[in-house]
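The values are calculated or read from the model by the stated rules, or taken from the named source; none is laboratory data. Being a predicted model, the structure only gives us computed values, none of them experimental. Every residue, glycine as well, gets a Cβ built from its backbone with ideal geometry; the counts of neighbours run over all protein chains shown.
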2 protein chains.
Amino acid sequence: MIFGGKISVAKINENFVKMPASYLFAEIGRRVSEYEKNNPSADVIRLGIGDVTLPLPAACVEAMKKAADEMGRAETFRGYPPDYGYDFLREAIKKHDYEARGVQIEADEIFVSDGAKSDSSSIGELFSDDAVLAVCDPVYPVYVDSNAIAGRAGDYEGGKWSRIVYMPCRRENGFLPELPAVHVDMIYLCFPNNPLGVSIPKRELQKWVDFANDTGAVILYDSAYESFITEDDTVHSIFEIKGAETCAIEFRSFSKTAGFTGVRCAYTVIPKSLVRGGVSLHKMWSRRQSTKMNGVSYVTQRAAEAVYSEAGQREVKAHVEYYLENARIIREGLLSAGFEAYGGVNSPYVWMKTPDGVGSWEFFDALLEGCAVVGTPGAGFGAEGEGYFRLTSFGSRENTKRALSRIVDKYGR
Amino acid sequence: MIFGGKISVAKINENFVKMPASYLFAEIGRRVSEYEKNNPSADVIRLGIGDVTLPLPAACVEAMKKAADEMGRAETFRGYPPDYGYDFLREAIKKHDYEARGVQIEADEIFVSDGAKSDSSSIGELFSDDAVLAVCDPVYPVYVDSNAIAGRAGDYEGGKWSRIVYMPCRRENGFLPELPAVHVDMIYLCFPNNPLGVSIPKRELQKWVDFANDTGAVILYDSAYESFITEDDTVHSIFEIKGAETCAIEFRSFSKTAGFTGVRCAYTVIPKSLVRGGVSLHKMWSRRQSTKMNGVSYVTQRAAEAVYSEAGQREVKAHVEYYLENARIIREGLLSAGFEAYGGVNSPYVWMKTPDGVGSWEFFDALLEGCAVVGTPGAGFGAEGEGYFRLTSFGSRENTKRALSRIVDKYGR
């Protein structure tokens, strides 16, 4: 045998071994399955995972069918999509999501992809392995876990990663993070926030943009929930903030806006003026995407384009209003049952305080056992989420009302 | 200001800076655009990029339209797909692509994705940054570039990466690689090969599997072109080889099999028995996928399932035969024009020798200028590709014939 007769040490990515055993939603799925197995007649209502329930807008379905037909005819067949998205979609995004708000973004600064989850996790590839990241706590786990896989998080000790800068979001500061006191290279911000359901006032976001420009950090801005914004003092895009074009990357998605969770389409905006260490992040991402993916399905991109049609916009608006009304029902139901509840105004998420002394996984089990309602334990989003619980407004109206009446029955005073 | 009044060094991924300027097909696109601008009436025939031209099988179009309709009705709407693929598709793959060949692969060892390009590039995440990779030379650039982005390739010097083990594939050895003489951790193999168009005999592949099991290396086996295999002495799956289940990962795609380049669906097989350093690569990839992507469009997965229907199989078989006949026309045309030509029997690719003393980019320009035919310069696939040229059989019959008659007219003796 070669190599001195023994198998040499395997060069696997040891970061996987450091990671806690299971992904949040997998653990929830496991507990719910177990409950359902033990209670086969239980009528479980899921207000946990952020998955939509309303069907796709008719305009999108028609666009997909038309595109599928085109793919079936030689004259209109399309092979490999452009790596960064079809012009028809990039132009529609530019016009409706940016120009309409007075924001100057070029079509070729928009990268169409299969999901904001893919992009917000792969974006780490633009940074060195020893870049320092800052995340809110609680936080959407994908930002943390994807960087942990890349080795940027350090070691996992006592529920935290040693090299991540956690920015606590607490009741006392309106659930908004404070500027980090140490140097960071990457700052993940998500507004309207998942899981907190809160939005950030313009003036507050300006502070972050100024901070990033002053320190050389890059803001990774997840704006997947912007279509739920109802109030004026908050922006739909970080590029509405002065100076963001030299410090921010924005992630947007059709998942929650248009019910595309099962269709898979999103986009990422990287301005050409975003440069670090003399290198254009726009060029780096262009290279990354052309090297590591082959674009998004033509049929899917036609569906996304249809979101911007007149009929599409009407349907999408109705969807968002439907979910926002669910959010109101959840928030007011919780308040009437004596809980503290936040969010749900510019967001599909409601963030509630668990009863005093009840941990969030404990509350998860109690709600499942006592009400057959599934939510998401705040602790699953980080240490600061302990003692909180997330409910989502993506269920049906009927199920939302039934879930809340069960909660009020059990906990109401 | 914080941090001593100056912007600190940007922690970007410097590996991007090391990379040669442009991706092979981008450079080809640039030259063709320039030619077309200067010759607006030229009738350019593209036998360069490996993109298909036949429309989608009718069975797939119907499946997509049916699925789109389901997405438009509340009762049948589907949200987030399962991270690893719908059971209906994983079971169909298991049955048709493995069981039918006597290979024992479980449905949960199959990971559905948006493309073999995504998977074969992201698979590097399972390995440490200092893992050593071996690639054939010439090679599909994605294996190299994706690992270069991750820092595994070292530095780019004189057309080669310092830490990559290149395995020359030359005429003298039938264009097959030889076992590396140094230790490697990852071995990319692609058979039938892109760009060489050659397949590997069973006995030869057994040597690689034995080598990997002996040394602890992992074979990353790209089998995207298996449906073009016409001869008996070559396997469709590496898992037909004894012992592969403890040393190999296989990438498969619907792109070339069923014309899915614009639809985006593929799958990766990682056996549970593939373990390195005591860690299951199946578990690592499961974690990677659930952390960094959100599954593949329901509509797309239904289209892929339809590939396995009786009508789908009939259509797919006809497509493959059509392209193989093009390959025969290319190969025989080249031979009759006095060129050396290889491949094209178990593969959609024909690998030809350029005229003596003519470099492959030089031949690219000559073929474009002289025949208005676009191919791919062998040098774009690696140093050993210099002096060779790739033609693909994915054009229409008519264009293939016209292209070859132009080549025979110009070069034929």
Checklist outcome for this item: Selection from segment B:397-413 of residues of a type in the set (Gly, Ala, Ser), more than 15 Å from B:Gly48 (Cβ to Cβ) and assigned to a helix (DSSP H, G or I) yields B:Ser405
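For segment A:214-250, give me each residue that is within 13 Å of chain B (Cβ to nearest Cβ) and under 23 Å from A:Gly343 (Cα atoms). So that I can check it myself, show each step before the final result.
Keep residues of segment A:214-250 that are within 13 Å of chain B (Cβ to nearest Cβ), which gives A:214-218, A:224, A:246-247, A:249.
Result: A:Ala224, single match.
Do you know which residues across segment A:183-205 are in contact (Cβ under 8 Å) with a residue 40 or more places away in the chain and either hydrophobic (A, V, I, L, M, F, W, C) or touching a Cys at 6+ places or on another chain (Cβ under 9 Å) (or both)? Spell out the reasoning first.
Applying the first criterion (in contact (Cβ under 8 Å) with a residue 40 or more places away in the chain) to segment A:183-205 yields A:183-199.
Selection gives A:Val184, A:Met186, A:Ile187, A:Tyr188, A:Leu189, A:Cys190, A:Phe191, A:Asn193, A:Leu196, A:Val198.
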Checklist entry - Tally time: how many residues in segment B:270-286 are surrounded by fewer than 20 Cβ atoms within 10 Å (Cβ to Cβ) and charged (D, E, K, R)? => result 2
Checklist entry - From the list B:Gly295, B:Gly357, B:Gly312, which one is among the small types (Gly, Ala, Ser) and either more than 13 Å from chain A (Cβ to nearest Cβ) or farther than 25 Å from B:Ala67 by Cβ (or both)? => result B:Gly357
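Tell me the residue from A:Ser253, A:Ser309, A:Ser227 that is surrounded by 19 or more Cβ atoms within 10 Å (Cβ to Cβ) and more than 30 Å from B:Ser122 (Cα to Cα), please.
Working: A:Ser253 fails: more than 30 Å from B:Ser122 (Cα to Cα); A:Ser309 fails: surrounded by 19 or more Cβ atoms within 10 Å (Cβ to Cβ).
None of the others qualify; the one that does is A:Ser227.
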Checklist entry - (1) closer than 28 Å to A:Tyr349 by Cα; (2) at pLDDT 95 or above: which one isn't true of A:Ala107, the others all being true? => result (1)
Checklist outcome for this item: A careful count of residues in segment B:254-292 that are facing chain A (nearest Cβ under 10 Å), under 21 Å from the mean Cα position of the chain (by Cα), not basic (Lys, Arg) and not in a helix (DSSP H, G or I) gives 4
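I'd like to verify a number: residues in segment A:323-345 that are surrounded by fewer than 16 Cβ atoms within 10 Å (Cβ to Cβ) and assigned to a helix (DSSP H, G or I), how many?
First, the residues of segment A:323-345 that are surrounded by fewer than 16 Cβ atoms within 10 Å (Cβ to Cβ): A:325, A:328, A:332, A:335-336, A:338, A:340.
This time we only want the ones that are assigned to a helix (DSSP H, G or I), so: A:325, A:328, A:332, A:335-336.
Result for segment A:323-345: 5.
Quick grid of which residues meet (1) more than 18 Å from A:Ser290 (Cβ to Cβ); (2) in contact with a helix residue (DSSP H, G or I) (Cβ under 9 Å, 6 or more places away or on another chain):
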site	(1), (2)
A:Ala63	yes, yes
A:Gly72	yes, yes
A:Glu75	yes, no
A:Gly79	no, yes
A:His96	yes, yes
A:Glu99	yes, no
A:Glu109	no, yes
A:Ser113	no, yes
A:Ser121	yes, yes
Checklist entry - Hey, any hits in segment A:9-32 for a residue that's more than 10 Å from chain B (Cβ to nearest Cβ), out of contact with any helix residue (DSSP H, G or I) (no Cβ under 6 Å at 6 or more places or on another chain) and more than 28 Å from A:Gly197 (Cα to Cα)? => result yes
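Going by what's in this entry, would B:Ala68 be described as under 28 Å from the mean Cα position of the chain (by Cα) and at pLDDT 95 or above?
On the way: under 28 Å from the mean Cα position of the chain (by Cα): no; at pLDDT 95 or above: yes.
When the stated conditions are applied, B:Ala68 does not pass them.
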Checklist entry - Across segment B:36-89, what is the number of residues that are part of a helix (DSSP H, G or I), surrounded by fewer than 22 Cβ atoms within 10 Å (Cβ to Cβ) and more than 7 Å from chain A (Cβ to nearest Cβ)? => result 8
Next on the checklist: Any residue at all in segment B:193-201 that's under 30 Å from B:Ser393 (Cα atoms) and more than 17 Å from the chain's Cα centre (by Cα)?
Outcome noted: yes
Checklist entry - Which of the residues belonging to segment B:195-238 are closer than 21 Å to B:Pro180 by Cβ and among the β-branched types (Val, Ile, Thr)? => result B:Val198, B:Ile200, B:Val209, B:Thr215, B:Val218, B:Ile219, B:Ile238
Checklist entry - Given the structure, is A:Val112 in contact with a His (Cβ under 8 Å, 6 or more places away or on another chain) and either within 10 Å of chain B (Cβ to nearest Cβ) or over 29 Å from A:Asp232 (Cβ atoms) (or both)? => result no
Next on the checklist: Kindly evaluate A:Val132 against the criterion of being over 30 Å from A:Phe389 (Cβ atoms) and either in contact (Cβ under 8 Å) with a residue 24 or more places away in the chain or of a type in the set (Asp, Glu) (or both).
Outcome noted: yes
Checklist entry - Picking from A:Ala107, A:Ala116, which residue would you name as being among the small types (Gly, Ala, Ser), closer than 23 Å to A:Gln313 by Cβ and in contact (Cβ under 8 Å) with a residue 60 or more places away in the chain? => result A:Ala116
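Residues checked against (1) at pLDDT 95 or above; (2) within 21 Å of B:Ser393 (Cβ to Cβ):
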position	(1), (2)
B:Ser227	yes, yes
B:Asp233	no, no
B:Ile241	yes, no
B:Glu245	yes, no
B:Ile249	yes, no
B:Ser255	yes, yes
B:Cys265	yes, no
B:Val269	yes, no
B:Leu274	yes, no
